[in-house]
1. What's the extension gain from A:D97 to A:D48 if we count 0.36 nm per residue and subtract their Cα-Cα distance?
2. Do you know the relative contact order of the range B:239-367, to the nearest whole percent, from alpha carbon pairs under 8 angstrom that are 6+ apart?
3. In whole angstrom, how far apart do the alpha carbon centroids of the range A:227-262 and the range B:195-227 sit?
4. Is chain A best put as rounded, prolate or oblate by its Cα gyration tensor, with a ≥ b ≥ c the root eigenvalues, rounded for a/c under 1.5, and otherwise prolate when a/b is larger than b/c, oblate when not?
5. Between B:A266 and B:L222, what is the FRET efficiency for a Förster distance of 41 Å, r being their Cβ-Cβ separation, to the nearest 0.05?
6. Taking GluC sites (Glu not before Pro) that fall in a DSSP loop and have at most 13 other Cβ atoms within 10 Å as cut points, what is the longest piece of chain B between them?
7. Considering Cα pairs under 8 angstrom that are at least six residues apart, work out the relative contact order of chain B and quote it in whole percent.
8. So if R0 is 22 Å, what FRET efficiency would B:H345 and B:A289 give, r being the distance between their Cβ atoms, rounded to the nearest 0.05?
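The values are calculated or read from the model by the stated rules, or taken from the named source; none is laboratory data. For clarity, every value in this text was computed on a predicted model and none was experimentally measured. A quick note on method: Cβ atoms are made from the backbone with ideal geometry, for glycine too, and the neighbour counts reach across all protein chains shown. Remember, those area values only see protein heavy atoms, side chains included, never the ligands or the DNA or RNA. Shrake-Rupley method; radii C 1.70, N 1.55, O 1.52, S 1.80 Å.
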Amino acid sequence: MTVAAPTKPKTTLKMVYQRPEALADTPTHYCPGCTHGVAHRLVAEVIDEMGLREKTIGIAPVGCAVLAYDYFEFDGVEAAHGRAPAMATGIKRVLPDRIVFTYQGDGDLASIGMGEIVHAAARGERITVIFINNAIYGMTGGQMAPTTLPNQITTSSPGGRDVAVQGFPIRMSEILATLDGAAYVVRRSMHDPANIRKAKKAIRLAFEAQVRGLGFSLVELLSTCPTNWKMTPAEAMNWVRDNMVPAYPLGDYKVAPELQKLRV
Amino acid sequence: MTRQLLKGNVAMAEAAIRAGVEAYFGYPITPQSELLEWMAKRMPEEGRAFLQAESEVAAINMVYGAACTGARVMTSTSGPGISLMAEGISYIAGTEVPAVIVDVMRGGPGLGNIAPSQGDYRQVIHGAGHGDFFPLVLAPASVQEAVDLIGEAFDLAEKYRTIVFVVADGSIGQMMEPVSLPEPRPPRRERPDWAVGGAEGRPARRLTSLYLKPEVEEEVNLRLVQRWQAMEANEIRYREYYLDDAEYVVLGFGTAGRVALSAVRAARAEGIKVGLFRPVSLRPFPTEAIRDLAARSKAFLVVEMNGGQMLDDVQAAAQGQVPVRFYGRMGGMVPFPDEVLAEIHALVSEPPTPAEAPRARWLAQMVS
């Protein structure tokens, strides 16, 4: 699709906010209050700021972000469920000078794609992963995810997740940070502006890790799903703060020394 | 050209390198592992990508990714690996990107064994994966033919934006034969106009197998059928031996066809007018050529290293014009030429009737 040139305002006011060049001028299908749109925008802003748009290939998952390639203005492919890190590996190995990232949800990355993500990280695959953790399966209608919290009600855990039967939530950042191939693994949240700013900085550092060839990089973003959580957007933001952040502590789980001194 | 004594798996790997393959992703499985091992050594020497994946699932999705960049890419495996790759194969087909897959078939089902078999025939001709698509399937009967077909496979995959399977069996993969390798072709530098690789000075490109609108998905499916029709028109391959005056026709592919050729030669030496028809392209299947043979012969004998998987296709092609008999060995057993010769003798001494059920007759013979 063609990109419309940003409209110039007919005033003398300074332009302070506009659609990033890397973000397509396409209405998304995301629900009101869903943070996918925020995450897309942060990725697009970082890619613009780093001047990477013309050398980036994005890989969409199976899940709510399945059409993500339509929302970005760079090359994109659509992976099988959970296989985005393998597909990214195939692309990066033949085009090592391009920027390759996957965008995956919790079902995609932490359930069906557990093998692919762990091995991509272990190999130190020079790719970036944006991991959207909203503790539920969104697209299929609100079933239990590997990251669903204990006692959380979903359509496949209608009495609440019973850890004696359905097991415990998986903390992916903590797991992946133990692997030597990982250069940058952090968890951020998108439940308020201050956290969104921190999330953007983390996304920037993750792409910096790739540009510098330091190894595997991943940013886990605690996200909302108001529709399947059956909450208003505001309630969903608060639910992330009050329930997800305590279960999934925000923080830096692995930061390569080269990135620690980097100012972005 | 110099001839070298090479193991089938190694010869196929080197043939792929000489065909300009740019990336190989695979997972160890007997009886194809020497192919992966040769790639592990040679691809880095050529400055090309080699990676041992964590599973066949990952391997085929790495192939998928590399194929989306327009690179020449391949994997190799055996039946259990094809089963795991089924998902990625379907996505590759749905995205209309080219890839080459070598299946060195072993005994099955399940873990089966590592002996030569042709039990994956039905699996590969349907491409293993879900949905409507048509992979091209080529079956060599010697190491030299395997080398030649590997070279062709990449060109065909790119010509039709399709998956091309080269199905060898464990004996082709494992045996050593003298072969002439082709001159190396350098990897292509320019990329096709559909490939992703960074939207530098051009609009962004998207490659997907997702078409949410049924009317658009139908268009994609119709395009796949159109390509398949072109393959059926242009890519039928088979070999004929002693068929000019043949009254009896033996049909077999790959190693079964090669074993049958020895039997046919022995029968010819006895004065029996018998010939061999060996399909090389299993898909597209040489239906018309078989139909023509059916119209001018007294009886068919289908020989396979499975329970009669190609038999069904031969019977469909013959359209009842000729009685058909079947002889197969299963589970990793390879027939001896004498066994096939005995079947040829039986074809002459007790000719099959049109009403004969080939599989039932064979089974009664095997389990008696």
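1. 15.9 nm
2. Contact order relative to length: 27 percent.
3. About 35 Å separates the Cα centre of the range A:227-262 from the one of the range B:195-227.
4. Oblate, since a/c reaches 1.5 and b/c is not below a/b.
5. The pair B:A266/B:L222 has a calculated efficiency of 0.25.
6. Result for the longest clean stretch: B:1-189.
7. Contact order relative to length: 17 percent.
8. The value I calculate is 0.30.
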